[in-house]
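Data first, discussion second: the structure below is written as structure tokens.
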């Protein structure tokens, strides 16, 4: 999250994340510590509603095929990187058992991630985190912009991410890897009159 440099300094460690102020979210990507305050309302609304729409058919198997573990804001340790996507999901054919309830983070890359963009995190989500997810063998990625009411869908390819879908506004879609059930995007957008919030002014800590 955020933009910045780490000139001439040691790579960030997990202790740097633990030292952040209460309520801040920290991530480490390629040795840099990115930190931001908790998301604002537009971000929370989209992430919460999307998770709810996917949870019943794909995690619980109610009205859909099941076969997934879905988590909100899991902490992922991908090599030396620490990231917190807004949503992530694992196919149960790869992960037959649920995550250990005592484990505070996961080291197995998910099959799908979703990042909800904000003006202060858009560049980092696209430029830093998406390539990391691809290198970590994540197969599908969604980027959602709550202010523009748009959803981009990507599939992992041999040379990087391939965009397979771009949807805007209150449309009903079937998008991989959850194409088995139609998704009404009109249910996730915050009404425009109240949709001017964002994550806040993210900063990067050396």
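The values are calculated or read from the model by the stated rules, or taken from the named source; none is laboratory data. All figures in this text were calculated on a predicted structure; none of them were measured in a lab. Backbone-built Cβ (ideal geometry, glycine too); neighbour counts: all protein chains shown.
The table that follows gives values for the structure above.
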{"read-out": "Residue within the stretch 103-120 that is buried (at least 23 other Cβ atoms within 10 Å of the Cβ) and farther than 20 Å from residue 146 by Cβ present", "value": "yes"}
{"read-out": "Selection status of residue 147, closer than 20 Å to residue 48 by Cβ, touching a residue at least 24 places away in the same chain (Cβ under 8 Å), surrounded by fewer than 20 Cβ atoms within 10 Å (Cβ to Cβ) and touching a helix residue (DSSP H, G or I) at 6+ places or on another chain (Cβ under 7 Å)", "value": "yes"}
{"read-out": "Checking residue 164 against (1) in contact with a strand residue (DSSP E or B) (Cβ under 8 Å, 6 or more places away or on another chain); (2) modelled with pLDDT under 95; (3) surrounded by fewer than 21 Cβ atoms within 10 Å (Cβ to Cβ), the condition it does not meet", "value": "(2)"}
{"read-out": "Test: residue in the stretch 176-184 that is in contact (Cβ under 8 Å) with a residue 24 or more places away in the chain, in a loop (DSSP other than H, G, I, E, B) and buried (at least 18 other Cβ atoms within 10 Å of the Cβ)", "value": "yes"}
{"read-out": "Yes/no for residue 132 being modelled with pLDDT of 95 or more, over 25 Å from residue 28 (Cα atoms) and surrounded by 14 or more Cβ atoms within 10 Å (Cβ to Cβ)", "value": "no"}
